[in-house]
Amino acid sequence: MKLTKGQKLLVLGAVLVVIDQVIKILVKTNMSLGEHISVFGNWFQILFVENKGMAFGLSWGGVVGKYLLTLFRLGLFGLLCWWISKLLKREKPVPTGVVVGLTLITAGALGNIIDCLFYGLIFSESTPAAVASLGHYAPFMQGKVVDMFYFPLWVWPDWVPLMGGDIFFEPVFNFADSCVTVGAIYLILFHWKFFAKEEL
């Protein structure tokens, strides 16, 4: 049976979310918080951290901010799903790259939403290595996002203004963050003309 474009995008999104969740669960259930594994010297490490807020370790507004952020993510996810569905129903075909890029962003958003909604309910605290348990460390919508990819490529020399002594790229991120970033950069670089004339 031949899949429609919409079904192919659904499969792509599902595969990306599964990859994201498998990586996070493997890290969360096999590493202690703060533990790191060198993959390529000090340039690429698997570093287990948990993020209470936004992507790349940013946070805002405490408990209330976390609820608002999770609601915003859910709203954005719903809007993206609606937009992709609308684009697929057009009589004039939409470039495949546009809907693939939007699917990457949507899958990444969902990957982090799952952490926020459910990880606090199904996991115990992450010190030492976390295990699924009947207890929980946070209520619904207050779970922490698991991050693990760390690329401290180099430290700026002390003589560089404003950045001297700082790590070039310090944020720790996850596969879902990567999907959002890659999807957004791809759309900006290769499909900006489409969005310049696009109306929701």
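Every residue, every condition in (1) over 29 Å from residue 141 (Cα atoms); (2) in contact (Cβ under 8 Å) with a residue 60 or more places away in the chain, yes or no:
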| position | (1), (2) |
| --- | --- |
| 8 | yes, no |
| 20 | no, yes |
| 27 | no, yes |
| 32 | no, yes |
| 42 | yes, yes |
| 76 | no, no |
| 90 | yes, no |
| 95 | yes, yes |
| 101 | no, yes |
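Being open to solvent by 50 Å² or more (accessible area, probe 1.4 Å), modelled with pLDDT under 95 and either hydrophobic (A, V, I, L, M, F, W, C) or in contact with a His (Cβ under 8 Å, 6 or more places away or on another chain) (or both) is not true of residue 123.
Would you confirm, using the coordinates I've provided, whether residue 180 is surrounded by 12 or more Cβ atoms within 10 Å (Cβ to Cβ), closer than 19 Å to residue 32 by Cα and at pLDDT 75 or above? Before the answer, list the steps.
Details: surrounded by 12 or more Cβ atoms within 10 Å (Cβ to Cβ): yes; closer than 19 Å to residue 32 by Cα: no; at pLDDT 75 or above: yes.
No: the conditions fail for residue 180.
Residue 103 - would you say it is polar (S, T, N, Q), open to solvent by less than 50 Å² (accessible area, probe 1.4 Å), in a helix (DSSP H, G or I) and at pLDDT below 90? Lay out the reasoning, then the answer.
On the way: polar (S, T, N, Q): yes; open to solvent by less than 50 Å² (accessible area, probe 1.4 Å): yes; in a helix (DSSP H, G or I): yes; at pLDDT below 90: no.
Judged against the criteria, residue 103 is not a match.
Number of residues in segment 1-13 that are open to solvent by 50 Å² or more (accessible area, probe 1.4 Å) and either more than 21 Å from residue 82 (Cα to Cα) or in a helix (DSSP H, G or I) (or both): the value is 8.
For residue 5, the conditions (1) within 20 Å of the chain's Cα centre (by Cα); (2) closer than 18 Å to residue 101 by Cα are fulfilled apart from (1).
Return the residues of segment 35-51 that are modelled with pLDDT under 90 and of a type outside the set (Phe, Trp, Tyr); say none if nothing qualifies. Within segment 35-51, 41, 42, 51 qualify.
Are any residues in segment 141-177 over 23 Å from residue 41 (Cβ atoms) and surrounded by 13 or more Cβ atoms within 10 Å (Cβ to Cβ), and if so, which ones? Result: 141, 142, 143, 144, 145, 146, 176. Only residues that are assigned to a loop (DSSP other than H, G, I, E, B) and either under 27 Å from residue 119 (Cβ atoms) or modelled with pLDDT of 95 or more (or both) were counted in segment 52-100, giving 7.
The values are calculated or read from the model by the stated rules, or taken from the named source; none is laboratory data. Note that the structure is predicted; figures quoted are calculated from it, not measured. We place every Cβ from the backbone using ideal geometry, glycine too, and count neighbours over all the protein chains shown. The protein model used for the area step is the full one, side chains on, heavy atoms only, and it has no ligands, DNA or RNA in it. Shrake-Rupley method; radii C 1.70, N 1.55, O 1.52, S 1.80 Å.
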